[in-house]
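All remarks here apply to the structure that follows.
Every number in this text was worked out from the coordinates using simple rules, so none of it is lab data. These numbers were taken from a predicted model, which means no experiment stands behind them. FYI the Cβ positions are ideal-geometry reconstructions off the backbone, even for glycines, and counts take in every protein chain you see.
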Amino acid sequence: MLKAPQPGQVKTRLGHDIGMVGAAWWMRHQIRALLRNISDPRWDLALAIAPDTAIRAPIWPAGLPRLAQGQGDLGTRMARALRQAPPGPTCLIGADIPALRRPHIARAFAALGRADAVFGPARDGGYWLIGLRHGGAVPASLFRNVRWSSPDALRDSIASLPGARIALVDTLADVDNAADLAAHRRLGFSR
């Protein structure tokens, strides 16, 4: 799940701290680093892009399939992306996780061997990954009544899958503001 790295359109909370151009610059470089860090022959990557008009922008790597996120809140857009996935295990990830690496993704796919859904918790109560055992088959209840951008987003998303076997994988931190960015840099993640 990606937003085009345009000033004032992406990472606006970070932009309030470091400037909108700086936040867009960081996101552009973070996306490039992320794709390098998670590319692996064990899975296929596709980019779910917002806004829809940015799908043809030359900033995206050639050769990766792109799909428009479409309209709606985050849950509506994620459910749409999951519905468009081929059958089989499917994971969606956020793009603002500097520490994300191939082993994190591999553990999520492995968890889908024994669970219906997997989440990668974020330290702020949200999550950096959601995966479903059966891509393309999205339960109608998924993402219903989720309080997005809150400490309850993960708990609410899990609750929207009653009766499902849920697995949790690595807890990672995203970058929402300058303090998050500084913490990642202290840990050695420059992007």
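Some observations on this one:
- Label assignment, semi-axes √(5λ) of the Cα gyration tensor in Å derived from the structure, set (i) 45, 17, 15; (ii) 42, 20, 13; (iii) 25, 19, 17: (iii)
- Sorted by Cβ neighbour density within 10 Å, fewest at the top, the residues V146, V118: V146, V118
- Legend: ranking of residues S157, S149 from fewest to most surrounding C-beta atoms inside 10 Å; resulting order S149, S157.
- Sorted by Cβ density within 10 Å, fewest first, the residues W128, W43: W43, W128
- Looking at region 2-186 alone, DSSP beta bridges between its own residues are antiparallel in about 50 percent of cases.
- Measuring between their Cα centroids, region 21-39 and region 96-137 lie 20 Å from each other.
- Using the Cβ-Cβ distance between A164 and L67 with R0 = 25 Å, the FRET efficiency computed as 1/(1 + (r/R0)^6) comes to roughly 0.50.
- Built amide H within the under 5 Å cut-off of D174, gap 5+: R123, D124
- Placing dummy labels 7 Å off each Cα toward the beta-carbon, the span from A179 to A99 is 1.7 nm.
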